[in-house]
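The values are calculated or read from the model by the stated rules, or taken from the named source; none is laboratory data. Since the structure is predicted, the reported quantities are computational estimates derived from the model, not experimental observations. For neighbour counting, all protein chains shown are included, and Cβ atoms are generated from backbone atoms with ideal geometry for every residue, glycine included. The accessibility values were calculated without ligands, DNA or RNA, using every heavy atom of the protein model including side chains. Shrake-Rupley method; radii C 1.70, N 1.55, O 1.52, S 1.80 Å.
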Amino acid sequence: MAEPTLTSRILRFKRVRQALALSLLGAVAVSAAFLLTPSRFTPAIPGDEALGMLFSGTLKANRDYDVLDEQTTAERREEAARSVWPVYDFDGSAAELLQRRIADAFAGGRQALADWKRANPAKAPKMSALHPDLKIDSEVFRFLLSQRDEFWKALQAVVDDEDYLELAKTQFDPAVERAAQRLAGLAASGFIVEERGLLAADRERGIIVRPVSGPPAPEQAVRDIERIQDLPRARAFVEKLAAEQLGDLSPPRTARAVAALVRRALRPNLAYDDAETRRRQELKRAQVKDVLLQVRKGEKIIGDGEQVTKTHLLIFHALRAAGRVSEAEQVRWGGGLFAALVCAAVFEFGRRNVRKFRLRSRDVLLLAGVLVGQLFLIKGALLAADSVHDLVRDALPPRLAAEVAQALPAAIPYALGSLLVRFLLNSEAALLWTAAFAPLCGLLAGGSLQTAVAALVGGVVAADRIGHAGSKAAVFRAGLFTGLATAVVLSAFAMFQGRLWTLETAATFAGAVVGGALILPLLALLFSPLLELLFGYVTDIELLKLASFNHPVLKDLIVQAPGTYHHGILIGQLVEAAAREIGCNPLLARVGAYYHDIGKGKNPLYFGENQKGENRHDTLSAQMSAQIIQRHVAEGIELAKAAKLPRQVIDFIAQHHGTRLIGYFFHRAKEEAERAGAPPPADTDFRYAGPKPQTREAALVMIADMVVATARNLPAAAPDKLRGVVDRAIAAVVAEGQLDECEITLRDLEKTARSFTASLEALFNARSDAPPAAPRLRVLEPELKRA
């Protein structure tokens, strides 16, 4: 089967993404509907335990009801499904296929005899002497037996040696072949099943025979099951046909051999199609309409002293359901629809118009999860605030209780979700998330415009300030700014209401500041590690620690493999600038570049950037050299795990070569094999284990690794030459399919090419401006020794 094309994979991926987005949108809508629906009194209606008991009082319908009788509906649908006849697929091309196999077997036999005669001209008379009435020469006999398996394979059946040799004595005569084909066509023309016992259940009604191959023909209903033969009866029928049709073949042994051949090769042409039968049964079930119990308004459902039956229970269930949702139903649907519309509109706007709003599946899942979680948090916090107010209302003076009632809702961390989204993703995602959350938050607080604006302004400020947070202290500073911004919003609304200079407003201001400065950062520091663990993110705080050149792993690398260290720093410069251009994480890309080759520290002198004259690969075989080169990936992963580096950084080590071929040593191994007369090596032994890059950041590191390695020997920094180097590197990885599993686009690749070219030009210019004694920029390809 052909490999799926890149276009088909992209389309399939888009469909999965769309299905995920719709599912998450539905989850958000359902959650919002649940949270926004007020509680309602449910009338006391007898439950299932009342079955068989006597009812006390009279119950009448307060409106019209259509009650679904599920049991009766199910019974009628099963009855309809049982009326469907089983479907059997008929292979109309079975006779033609059998004849073609016979022709192929005979043709192969004749060709084998001809080839043997040409290869053994001195012995050809022995083969020509083959005749049904003569004994076969021993040498010819051995040759014929050696060709028996090929005859079986072409026929797709095992024939006894005696019958095979009888056919061979005729030298696979075309006349014998035609007789066999004629007999096969007659034998395979009827309906043949594997076992007739499987049809026993259908004797009373019949079956549907549906042609699935061969000449177009309508399906037919077969009521006479006896006309259908099973395979043993069909093979026995071949003997009868042979007696009638093969009378002109002589000697009789040949006719018997032909009959045996057809009998063995005959196959069933009728098979039960369970999937199609079930499909038709489901269609029949679907055609049966629901059985409804219609109850009209004012109609008596059950009277005093009547026994509760199953029918009564069905109506009671409908009454209970209507009681729960009669008035709340509109609120629920309205809240869910409102949430769906807001989220869909904001998401679609960001996707179409915000350049850096490029979300992966896990990002969409994070946004939806944080939105639902934040709504539940706000709902719980509002309920808790009401509960606390109820507790302190009797314990505190009325004036103080009123101030507490104002301060508690203001301290709720409305901006927590915005801060977390910006902390884990980017400012664009945080801004759009806040725009979707703020109106929902206001609706959750009872349609409060004040709460919606506070959530909007606080979320924007939190997203802005946390973007510069590189430590826990910075998180608390961001929380303080958020609290002040929220307090100003609440104070502004107090001004609108003419109650700015009141104790309640002061309590509100204090509550907002305390909530932002303490509760918000504490919750952020509590939940962010959990979200990192669940969704596989790494925050800028952790990345900044890893980007420090004083990190133990980098300090060891500069001592053990200074060339590799320098190589990683240069790649980091390239990918950081390119990541900014295409809208992915520049800090993550730079950190990944720093650590992607740490495995070379185990055997630094086997890599070109660390060699000074002597090349240790000169004394090794190409296979051994390739293994050493490949091993730096696994060793790098081991070092990274030992150093407890985040999974995102470890992914750069595993993915920066993808499944590329170590071309230099592969071609050297081929040359060695040619000189030694050995079979050529398998390219799988010279490929990296992968996987291919899964993120755009990893793709940038792969491309930059090739670009820096290739650009080392350019004599001048001519922009067209540098651009040519970058374009060839990108074309190579694209042609090899290395970027098929990440979300990088052609537009991203074009921006990457421009960014790499500008960065390389700056590096070369800096080299040319350096004093003569300054060392020459020297970066070598990771997997090759010297060009």
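Among the conditions (1) more than 30 Å from N353 (Cβ to Cβ); (2) at pLDDT below 85; (3) buried (at least 24 other Cβ atoms within 10 Å of the Cβ), the only one that R399 does not satisfy is (3). Being farther than 14 Å from A94 by Cβ, buried (at least 16 other Cβ atoms within 10 Å of the Cβ), at pLDDT 80 or above and out of contact with any Pro (no Cβ under 8 Å at 6 or more places or on another chain) is a condition met by at least one residue of segment 215-223. In segment 509-532, the condition of being hydroxyl-bearing (S, T, Y), open to solvent by less than 70 Å² (accessible area, probe 1.4 Å) and modelled with pLDDT under 80 is met by no residue.
Could you check segment 226-262 and list, in sequence order, the residues that are within 27 Å of R203 (Cα to Cα) and open to solvent by 10 Å² or more (accessible area, probe 1.4 Å)? If the condition is that a residue be within 27 Å of R203 (Cα to Cα) and open to solvent by 10 Å² or more (accessible area, probe 1.4 Å), then E226, R227, Q229, D230, L231, P232, R233, R235, A236, F237, K240 are the ones that fit.
Of all positions in segment 543-553, at least one carries a residue that is part of a helix (DSSP H, G or I), open to solvent by 20 Å² or more (accessible area, probe 1.4 Å) and modelled with pLDDT of 85 or more. Checking each residue in segment 202-216 for being closer than 21 Å to V84 by Cβ and touching a residue at least 40 places away in the same chain (Cβ under 8 Å) picks out D202, R205, G206, I207, I208, V209, R210, P211, V212. Of the residues making up segment 582-627, those that are assigned to a loop (DSSP other than H, G, I, E, B) and aromatic (F, W, Y) number 1.
Residues that are modelled with pLDDT of 90 or more and part of a loop (DSSP other than H, G, I, E, B) within segment 693-704 comprise just one, P693. For segment 234-287, the set of residues classified as under 30 Å from E75 (Cβ atoms) and in contact with a helix residue (DSSP H, G or I) (Cβ under 6 Å, 6 or more places away or on another chain) consists of Q281, K284, R285, listed by residue number.
Per the listing L588, L605, the residue uniquely surrounded by fewer than 20 Cβ atoms within 10 Å (Cβ to Cβ) and of a type outside the set (F, W, Y) is L605.
From the list I582, I628, I637, the lone residue that is farther than 25 Å from L534 by Cβ and surrounded by fewer than 21 Cβ atoms within 10 Å (Cβ to Cβ) is I628. Of the residues screened, A175 is not one that is at pLDDT 80 or above, under 18 Å from D104 (Cβ atoms) and surrounded by 13 or more Cβ atoms within 10 Å (Cβ to Cβ).
Looking across segment 148-195, the residues that are assigned to a loop (DSSP other than H, G, I, E, B) and in contact (Cβ under 8 Å) with a residue 60 or more places away in the chain come down to Q156, A157, V158, V159, D160, T170, Q171, F172, A188, S189, F191, E194.
Does A407 count as small (G, A, S), modelled with pLDDT of 65 or more and open to solvent by 40 Å² or more (accessible area, probe 1.4 Å)? For A407, the condition - small (G, A, S), modelled with pLDDT of 65 or more and open to solvent by 40 Å² or more (accessible area, probe 1.4 Å) - is not met.
Any residue at all in segment 65-76 that is at pLDDT below 75, more than 30 Å from A436 (Cβ to Cβ) and out of contact with any Cys (no Cβ under 7 Å at 6 or more places or on another chain)? Checked segment 65-76: at least one residue is at pLDDT below 75, more than 30 Å from A436 (Cβ to Cβ) and out of contact with any Cys (no Cβ under 7 Å at 6 or more places or on another chain). Out of all the residues in segment 79-90, is one or more open to solvent by 50 Å² or more (accessible area, probe 1.4 Å), part of a helix (DSSP H, G or I) and more than 30 Å from L198 (Cβ to Cβ)? No, segment 79-90 contains no residue that is open to solvent by 50 Å² or more (accessible area, probe 1.4 Å), part of a helix (DSSP H, G or I) and more than 30 Å from L198 (Cβ to Cβ). If you filter segment 196-212 down to residues that are at pLDDT 80 or above and within 21 Å of R267 (Cα to Cα), you find that the one that is most open to solvent (accessible area, probe 1.4 Å) is V212.
Out of the residues in segment 479-508 that are assigned to a loop (DSSP other than H, G, I, E, B) and of a type in the set (A, V, I, L, M, F, W, C), which is least open to solvent (accessible area, probe 1.4 Å)?
Ranking the qualifying residues of segment 479-508, first place goes to L500.
Does A124 qualify as being touching a Lys or Arg at 6+ places or on another chain (Cβ under 6 Å), open to solvent by less than 30 Å² (accessible area, probe 1.4 Å) and at pLDDT below 80?
Against the criterion (touching a Lys or Arg at 6+ places or on another chain (Cβ under 6 Å), open to solvent by less than 30 Å² (accessible area, probe 1.4 Å) and at pLDDT below 80), A124 qualifies.
For first residues located in segment 86-111 and farther than 30 Å from R210 by Cα, partners that are outside any helix (DSSP H, G or I) and lie 6+ apart or on another chain with Cβ distances below 6 Å form the pairs F106/F172; G109/F172; R110/F172.
Checking each residue of segment 732-746 against the condition of being closer than 29 Å to L425 by Cβ and without any contact (Cβ under 8 Å) to a residue 12 or more places away in the chain gives at least one match. Answer yes if at least one residue in segment 640-647 is in a helix (DSSP H, G or I), open to solvent by 10 Å² or more (accessible area, probe 1.4 Å) and more than 28 Å from A753 (Cα to Cα), and no otherwise. Looking through segment 640-647, at least one residue is in a helix (DSSP H, G or I), open to solvent by 10 Å² or more (accessible area, probe 1.4 Å) and more than 28 Å from A753 (Cα to Cα). Selection over segment 678-689 of residues that are of a type outside the set (A, V, I, L, M, F, W, C), open to solvent by 20 Å² or more (accessible area, probe 1.4 Å) and assigned to a loop (DSSP other than H, G, I, E, B) gives a count of 3.
Counting residues in segment 352-372 that are without any contact (Cβ under 8 Å) to a residue 24 or more places away in the chain, open to solvent by 60 Å² or more (accessible area, probe 1.4 Å) and part of a helix (DSSP H, G or I) gives one or more.
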